Amino acid sequence: MMLPLLTNKQQEILTLLYRFRFLNRIQLQELLNHAYHNRINAWLRNLLENEYIKTYHTTGYSNNTLPRVYSLGIAGITWLKKQKGYSTNQLKNLYREDVRSYAFVKRCVFLADMYLDLLKQNIKDTTFSPFTKSDLSHQSFFIRFSNGCIPDLYIHKQQETIATEYLIELIDENVPRYKIRKKLRAYISLYFSNNWENAMKTPFPHILIICPTAELYRYIKAYIRSVLKEHDAKDLTFRLANSNDVSVQGVTAEIWEEVG
């Protein structure tokens with residue numbers, strides 16, 4: 001079947017879904033910087049009809065708070081495969097988006113909201129440049145992260161002549177604690193490897209950990225303190241915040257507690 005040609009904005013929608021995995025219409029409209037939601041809806045309907053994208057059904061969840069969300073469909077993945085600059089391994093992961101857990105979808109939407117919040121903080125002398133996990137997996141990115149150490153977001157903040165960088169890790173509520181410990185130790189290994197400094201030519205970034213519950217907050221705080229003491233990593237900075245505070249006040253708010 002011959003598929004219709006895509007407009008530039010529809011191609012951009014496919015790229016955004018590759019980068020963020022799941023997005024709602026409001027997020028897509030903001031990322032496209034487009035004023036008219038009717039036009040966005042028309043593009044989305046056309047993409048849905050031709051299986052470039054698909055919707056994730058959340059109506060069966062009693063705690064559902066998500067508006068309608070979109071992900072890549074079969075035709076969309078096929079189209080991206082024919083373009084340059086997309087990871088083959090990443091594209092393989094996109095075929096089963098319709099069976100992803102509700103928690104995973106909420107996580108993607110939450111991270112997209114954080115990304116948009118950062119863009120809104122850009123002013124004359126201060127700019128935030130965020131990168132998604134898909135961006136960081138790309139071969140052309142400045143540094144190659146190991147599979148166990150790819151952050152959920154990387155942020156480059158430029159304030160006049162001063163650059164500051166952050167790696168953000170969003171902790172899932174039901175993740176086993178050994179996986180949390182493994183991820184934190186992976187960041188410490190990256191710190192001691194000097195790979196970041198050698199590739200980026202900048203100091204090692206601050207690591208921001210977003211915790212979904214007070215219990216996990218306390219656990220991660222205590223574990224970080226013990227590991228930093230064990231390794232004597234004086235220049236390595238971890239900061240913690242509650243996910244609800246991030247959602248309500250924004251990632252740049254004064255909500256972070258430094259752990260050392």
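For this structure, a couple of remarks:
- With respect to (1) out of contact with any helix residue (DSSP H, G or I) (no Cβ under 9 Å at 6 or more places or on another chain); (2) part of a helix (DSSP H, G or I), the lone exception for R181 is condition (1).
- Taking the criterion of being hydrophobic (A, V, I, L, M, F, W, C) and within 11 Å of H206 (Cα to Cα), the residues of segment 147-169 that qualify are I155, L167, I168.
- Of the helices (runs of 4 or more DSSP H) that lie entirely inside segment 188-252, those containing 3 or more residues that are more than 27 Å from L119 (Cβ to Cβ) and among the aliphatic types (A, V, I, L, M) span 214-231.
- Test: residue in segment 222-244 that is within 19 Å of the chain's Cα centre (by Cα) and of a type in the set (S, T, Y): yes
- Members of segment 152-172 that are surrounded by fewer than 16 Cβ atoms within 10 Å (Cβ to Cβ) and part of a strand (DSSP E or B): Q158, Q159, I162, A163, T164
- Within segment 187-214, considering residues that are closer than 17 Å to I171 by Cα and among the hydroxyl-bearing types (S, T, Y), the one surrounded by the fewest Cβ atoms within 10 Å (Cβ to Cβ): T213
- Residue within segment 193-214 that is free of Cβ contacts under 8 Å to residues at least 40 places away in the same chain and in contact with a Leu (Cβ under 6 Å, 6 or more places away or on another chain) present: no
- Complete set of residues in segment 25-53 that are out of contact with any Leu (no Cβ under 7 Å at 6 or more places or on another chain) and within 24 Å of K106 (Cβ to Cβ): I26, Q29, L32, H37, N41, L44, L47, L48
FYI, it's all coordinate maths here, none of it is from the lab. Nothing here was measured: the structure is a model prediction, and the numbers come from that model. Note: ideal-geometry Cβ built from the backbone for every residue, glycine included; neighbour counts use all protein chains shown.
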